[in-house]
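All remarks here apply to the structure that follows.
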Number of protein chains: 2
Amino acid sequence: MWAHTGGMARISEIGDYIRDQRDQAQMSLRQLAQAAGVSNPYLSQVERGLRRPSAEILGRIAQGLRISAETLYVQAGILDDRAGDEAVTTAIAADASLTERQRATLLQIYAAFQAENAARTTPDPATRDEAGADGTTDM
Amino acid sequence: MWAHTGGMARISEIGDYIRDQRDQAQMSLRQLAQAAGVSNPYLSQVERGLRRPSAEILGRIAQGLRISAETLYVQAGILDDRAGDEAVTTAIAADASLTERQRATLLQIYAAFQAENAARTTPDPATRDEAGADGTTDM
DNA sequence: CGCGCGCGTTTGCAACTGCAAGCATGTGGG
DNA sequence: CCCACATGCTTGCAGTTGCAAACGCGCGCG
């Protein structure tokens, strides 16, 4: 429902996003808390949106989840959103250092990822992806 | 490259940096404070390294100084310095609609493209990499 | 059953953030 | 001279952050 223009994914709260990532990584709250060097009660409160974590804590959580800190900051509204998925396509399109084939490859892979994610949220369990990441094609 | 791991201790550094930028912009402390929506006493303390501002305050100060928030975060040691130019990597990193695996894949492919292009323009035989983008996209 | 272990959550508290109000100093002007 | 105004700094204080300890719950094992 949310792979849309403008607002894009926007799992409204940062806590939901963290819990989402934690679930996907199949970690318990306490595991992540320890990996991140954060107390588990506090992590619990953060995930449920009762507390707004500082940037440092956010960074540590990102580290514990092995995801990029930027992602979390953007989710937290601390860093600019950059208009979401459009930013990626436009950035790729505008990157003069890429050849046309590389550009097309990246855009294709990105589109495939988006399609897969959209399929994941719909009742269609056909999660067939494996984008054409053959890379090194060009050149 | 991502979230820093070691100790950060540049609290005073960021204060100096802010004061530097403020001086260069020829703003008084109070002016910047108002432009940033921060109280002037607090800004004073931040500049002198007595206080560790939260990410939100940092962002507002960056806005008041009309510099990118990222540079301030990097200065603060909250974000790690990103190697090169990078509109694409930033956009990818900030796109919350991607899973971390997908994000890593895209970044990897992009990096591989950059490396290959660099190798093409610079006759440096040492960087005979070329292996980076060949899939392993598992996910 | 009783005990241990894991899960997520609640509670009480030290430490901190960030602000409003006030202080100290410097400058120009009527 | 005295007032107005600017600069940056110090001081109490409400509101939060983040933690250690403790709680309730479910599950497997002796």
For this session: Please verify whether segment A:61-84 includes one or more residues that are modelled with pLDDT of 85 or more and acidic (Asp, Glu).
Result: no
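Would you confirm whether or not segment A:21-32 contains a residue that is assigned to a helix (DSSP H, G or I) and away from DNA strand C (no atom under 11 Å from the Cβ)?
First pass over segment A:21-32, keeping only residues assigned to a helix (DSSP H, G or I): A:21-24, A:29-32.
Keeping just the survivors that are away from DNA strand C (no atom under 11 Å from the Cβ) gives A:21, A:24.
Yes: one or more hits.
Within segment B:37-75, how many residues turn out to be more than 19 Å from the chain's Cα centre (by Cα) and either of a type in the set (Asp, Glu) or more than 13 Å from every other protein chain (Cβ to nearest Cβ) (or both)? Spell out the reasoning first.
Initial filter on segment B:37-75 (more than 19 Å from the chain's Cα centre (by Cα)): B:37-51.
Going one step further and asking which of them are either of a type in the set (Asp, Glu) or more than 13 Å from every other protein chain (Cβ to nearest Cβ) (or both), we end up with B:37-50.
Residues in segment B:37-75 being more than 19 Å from the chain's Cα centre (by Cα) and either of a type in the set (Asp, Glu) or more than 13 Å from every other protein chain (Cβ to nearest Cβ) (or both): 14 in total.
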Exercise. In segment A:35-61, which residues are hydrophobic (A, V, I, L, M, F, W, C) and either near DNA strand D (Cβ under 6 Å from one of its atoms) or open to solvent by less than 50 Å² (accessible area, probe 1.4 Å) (or both)?
Worked result: A:Ala36, A:Val38, A:Leu43, A:Val46, A:Ala55, A:Ile57, A:Leu58, A:Ile61
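The values are calculated or read from the model by the stated rules, or taken from the named source; none is laboratory data. On a predicted model such as this, the values are computed, not experimentally measured, just so you know. Cβ: placed from backbone, ideal geometry, glycine included. Neighbour counts: every protein chain shown. Each accessible area value is taken on the protein alone, full model and side chains, heavy atoms only, with ligands, DNA and RNA left out. Shrake-Rupley method; radii C 1.70, N 1.55, O 1.52, S 1.80 Å.
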